[in-house]
Amino acid sequence: KRSPSFGGARGRGRGIARGSCGCSPTAARSTTEFHCHMSFLTILGTAAVVSAAIFMELIACLAFPVESGTEWLLLLLLVPLVLAAIPLLLLRACAGDSLFSDTPKGRHWAEFGFAFFATGIIGVPSLLLLRGLIRWEAFALALGGLALPAITAALSRVCQRADSDPFSYR
């Protein structure tokens, strides 16, 4: 028995309908569902990491009081922490999706903006610790709030490379 025609304009093609990835309709549906679940888990994981980093900064302010009452100064760290993501998000939103396009025009400015704000994230607690305005425990927790998203981003990049090249890291 012949399968229904899904081919050209006059119905000359024979065979079964294929999904966008070249697989059967059932597999295409499960592939789409898999990508939707992975996208949701990526968003959920990113939100969890960012929330954990912000809570680490807040706990660094509240958990380790100082006699002079200057532990609230670590709240200033939230400004560069939030602003550091903006240049990278703008670059991602404005970059072309073409395979043959060269590097985006604003890439160097995005890297500079990120490095500028990241320097503030590391420099502010360092200066506060050197001046004796915060305790070293609060300093360690504040830098841990930076290390958590940095390590997560690095691991994400390694996993993306491993997924795109099956022969890498083996």
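The values are calculated or read from the model by the stated rules, or taken from the named source; none is laboratory data. These figures come from a predicted structure and were not determined experimentally. The protein model used for the area step is the full one, side chains on, heavy atoms only, and it has no ligands, DNA or RNA in it. Shrake-Rupley method; radii C 1.70, N 1.55, O 1.52, S 1.80 Å.
List of remarks:
- Taking θ as phi - 60° and the Karplus parameters 6.51, -1.76 and 1.60, the scalar couplings of the range 52-59 work out to 5, 5, 5, 5, 5, 5, 5, 5 Hz in sequence order, x denoting glycine and proline.
- Accessible area of residue 127 in the full protein assembly, 1.4 Å probe (Å², nearest 10): 110
- Extension reserve of the residue 119-residue 159 stretch, reckoned as 0.36 nm per residue once the Cα distance is removed: 11.8 nm
- In a fully extended conformation the segment linking residue 112 and residue 67 would gain 12.4 nm over its present Cα-Cα distance, using 0.36 nm per residue.
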